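Chemist: Can you read through this structure? Questions will come right after.
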Amino acid sequence: MPYVRNLLINKRLNNRSVFISMLISNIVILLLPLVIGFVLYTKVEQIMIANANRSNLAMLEQLRLTMDNQFKEVHQLAQQIIFNPKIDLLLNKDSSEDRYNEIEFIRYLKTYQKIDSGFIKDYYVYFQGSDTILSPSMRTDSKTFYDRYYKYEDMSYEQWSKELLGSYHNMNFLPTATLLRDGGMGMMNNQDRMPINVITYVQSLPVREISNIRGSLVILLDEEQIKDRLKQIEEANQSSLYIVDDKQKLILSTSDEYTLSDDFYAQMTSGTGLFNYILNGKDMMVSYTSTSQAGWKYISVMPKDLYMKPVNGIKMTAFWLFILCLIAGAGFAYLAAYRNYSPIKNMVNAIMQGKRTVKRPSGDEYEFIRESIEGSLVEEKQLRGILSQQAPVMRANFLSRLIRGQVDLSQNNSEESLGFMDISPFVYSSYAVLVIQVDDASGFTPNQSEKQWALIRFIITNIGMDLLNERHIGYMVDLDRDRLAVLINLDSDGHGKAAAELKFIASSLKHIIETRFKVILTVAISKVHESLEEIGEGYEEALAALDYKMLMGQSVIICFDDIKEAELHYHYPIETEAQLMNLVKSGDFESVEKLLDTIYELNFSSNQLTPELGTCIFFNMVSTLLKIMNATNTGYGGMEEAGVFDPIKQLQGCNTAQEMHVKTKRFYEHLTRLLQSERSDHSDQLLADIKRFIDGQFTDPNLGLAMISNHCGKTPQYLSTFFKKASGKNITDYISKIRIDQAKLLMENKALTNLQIAQMVGYTNDLAFIRVFKKNEGVTPGKYRESLSTMTVYESETK
């Protein structure tokens, strides 16, 4: 016995030593891929870094060459304009009377415009003496140009005039800025009103003068053109690009994530190069190149881990290969160590893993396996009974996700999978979705509790299924308390027959429900689709069609095919808004109502709009209402009596466009009546204020409707109409009369010339003065002065 026991112990120890030796051998073998992977990773890392550096520098160099060609175009344009013979003549003029040379110069500018390739957005020349700006498309003064054509978002007119036009610039490029464009005479479409981002090139004139600046050439470079070139490098390298000038000022960047410091710029000691730098705690690879055309530097900043990503991928592949080999080797060693275990023992172990509470059998293992299989069959039968009870819930959930396109049909379209949820297979080739909206259930029951709503949905579902299942396959899905969706598998040939069949089903269901149960419905119908995979698209189409209930009213059938050609614009121009504001301010509600009805008819009766644009029209008209209240200092408190404290929320509560129209007219009626009561006293004060301002400013050549409206805080159109109605004269005629009366008094002084008198009463030249004087007095100033001399001689002779 001791001998046998020692033999078994030795055998067990030998088996263990064999297992350990096999395990050690496998581990040694598995170490080889790790060593090879480490060497490979080191080599690949070096190659990838070198390739990334060469690629970055090559792309930046290509960008530099492209931008140098563009800057040559800018300098060529600048040289042609600066050395034009007309420019010195116009720079030395102190008034804007030399119209002939200005027109000739504009023609020259138009010829220069032919070299524009898109990089140059626009250009103009400013003449300080005459305060005139000339461009290829216009002539105007600086104030008008800034207000109506190009207004810098972060720069006032005074800053623009002083820093950009009044300061010395020698071929300077200013950082990117946003221009707000009001429209002007040459910009009448919406696209030309959009803000643009530009880089401004400025050259003071004359070129050789540093202190005596008499003008400036301004060229606007399209930032989008530069960003398009930068985007190629940015997308290729996933890097951030920066353009700085020779003074380290940031001109343009594609990202605001990093701030470049002086220490960063100090690393760039040559015209081209690359270096490593830490920004925001991240290790960055920086490459740069310079251009001599504009003195700019092009800088690319790319996280080092981006181009290290392929290397890290190889590293991870080697690591997982090592893990896989280790696991495979361990498994092989395990199988070799236990190769004498019988299949039955393995099966028992598998059963024990699934039934941890069962004790290991001490006797017949076959009996243990039989009992385990029988127990599993009983458990499966019980589980199937539980699942059959949950089938309706699972079916509703599946159909809800199916119509929304959230089901992987490649795995769930089999007969077995659908039958498990009590869903018949879809056998026809045409599919569509109906969305049913309950608009009004008060005719069915005044008590609209959850129980009553459940009954309404039950009625619609049963009647709908009866109609569908006569020829087709259909399923109803509850979406909300008052909304259901219908998934239909149509048995029809061709889109035309399928569309007609859908309309017939919808109209039949709507007629039965509304006639028998007094429940008002709106039904939206999607297009007919040829595959179940497109059913999510059909659901979105039905919802889009249902949105048109706002335009078409309740209790209708809306097909997506009928509304897909809707126009994407509406009629509410600025002129109409201004007319509406003036009518409200004048207190004429009858005209206001007619104008509101006209706007509604033009948009909703003649045009087919989207629901979003239809809602936008009313929001715009409410915006106009708020503008009038702000302009007239009418507080919300004055509107509370009519319940208009929150007009936006009240419009959102409307279901149809007609309701919004009625609500909007009610807003305007109350505001018009309110302003009408305050209008009388205000009109007298406004008229007196206008006359006082004209009497005090008639010597100013700039006095006009715009200047007076700016003083009074009113629009020029409103002010002109008001003055004509209140005084019986046009503002221009009134100003002319004041000036001519003063001129007649000055004509008694024979030492004053007509030009001097014209300038003293507010005219810039004697031609305009003579024309206005003759219009008012019937004679020229010279004839009038002769008559004064004759009267003086006659009076002296009489004495």
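No lab work stands behind these numbers, since they all come straight from the coordinates. Note that this is a predicted model, so its numbers are computed, not measured. Glycine also receives a Cβ, built like all others from the backbone with ideal geometry; neighbour counts cover every protein chain displayed.
Chemist: What is the local net charge at G782, summed over the other residues whose Cβ is closer than 14 Å to its Cβ (Lys, Arg +1; Asp, Glu -1)?
Modeler: +3
Chemist: A further question follows. Quote to one decimal, in nm, the extra length available between D439 and Q759 on full extension: 0.36 nm per residue of separation minus the C-alpha distance between them.
Modeler: Extra length available between D439 and Q759 comes to 107.9 nm.
Chemist: Something else: When the Karplus curve 6.51 cos²θ - 1.76 cosθ + 1.60 is applied with θ = phi - 60°, which whole-Hz ³J(HN,Hα) does each residue of region 57-70 get, with x for Gly and Pro?
Modeler: Here the 3J(HN,Hα) series is 5, 5, 5, 5, 5, 5, 5, 5, 5, 5, 5, 4, 5, 5 Hz.
Chemist: Determine the gain in length on full extension of the stretch A726-K691; use 0.36 nm per residue of separation and subtract their C-alpha separation, reporting nm with one decimal.
Modeler: 11.4 nm
Chemist: Order these by the 10 Å Cβ neighbour count, fewest first: S586, S287, S261, S137.
Modeler: Starting with the residue having the fewest Cβ neighbours, the order is S261, S137, S586, S287.
Chemist: Now, a different point. What nm value, rounded to one decimal, do you get for the distance between R384 and Q676 when each label is placed 7 Å out toward the C-beta?
Modeler: In this crude label model, R384 to Q676 measures out at 8.1 nm.
Chemist: Let me ask something additional. Mind sorting H511, H711 by how few other Cβ atoms lie within 10 Å of their own Cβ, fewest first?
Modeler: In order of increasing Cβ crowding within 10 Å: H511, H711.
Chemist: Here's something else I'd like to know. For region 448-497, state the semi-axes of the equivalent ellipsoid (square roots of 5 times the eigenvalues of the alpha-carbon gyration tensor), sorted largest first and rounded to whole angstrom.
Modeler: 27, 11, 7
Chemist: Report the calculated FRET efficiency for D228 and V207 (r = Cβ-Cβ distance, R0 = 30 Å), to the nearest 0.05.
Modeler: In this case the efficiency is close to 0.40.
Chemist: Determine the gain in length on full extension of the stretch A631-S531; use 0.36 nm per residue of separation and subtract their C-alpha separation, reporting nm with one decimal.
Modeler: 30.2 nm
Chemist: Taking amide hydrogens as modeled 1.01 Å from N in the peptide plane, which residues meet the under 5 Å criterion relative to C559, leaving out close sequence neighbours?
Modeler: It is I525, by chain and number.
Chemist: Return the long-range amide H neighbours of K121 (sequence gap of 5 or more, or a different chain), with a cut-off of under 5 Å between placed amide H atoms.
Modeler: L220, L221, D222
Chemist: At 10 °C and a viscosity of 1.306 mPa s, what translational diffusion coefficient does Stokes-Einstein give for region 392-563, taking Rh as the Kirkwood radius over Cα pairs? Give it in µm²/s as a whole number.
Modeler: Answer from the Stokes-Einstein relation: 98 µm²/s.
Chemist: I need Y168, Y152 ordered by Cβ neighbour count within 10 Å, fewest first.
Modeler: Least to most surrounded, the residues fall as Y168, Y152.
Chemist: L205's amide H: which non-local residues (gap 5+, or another chain) put their own amide H closer than 5 Å, with H modeled 1.01 Å from N in plane and none for Pro or chain starts?
Modeler: Residues meeting the amide H criterion: R214, G215, S216, L217.
Chemist: Right, another one. Mind checking region 494-577 for GluC sites (Glu not before Pro) that DSSP puts in a loop (not H, G, I, E or B) and that have at most 12 other Cβ atoms within 10 Å?
Modeler: Sparse-neighbourhood loop GluC sites (Glu not before Pro): E530, E565.
Chemist: Using R₀ = 25 Å, calculate the FRET efficiency as 1/(1 + (r/R₀)^6) where r is the Cβ-Cβ separation of D154 and S270; round to 0.05.
Modeler: It comes out at approximately 0.15.
Chemist: Describe numerically, in nm with one decimal, the distance between label points set 7 Å from Cα along Cα→Cβ at L250 and at H569.
Modeler: The answer from the label model is 3.9 nm.
Chemist: What is the calculated FRET efficiency for Q452 to E540, with r their C-beta to C-beta distance and R₀ = 25 Å, to the nearest 0.05?
Modeler: 0.25
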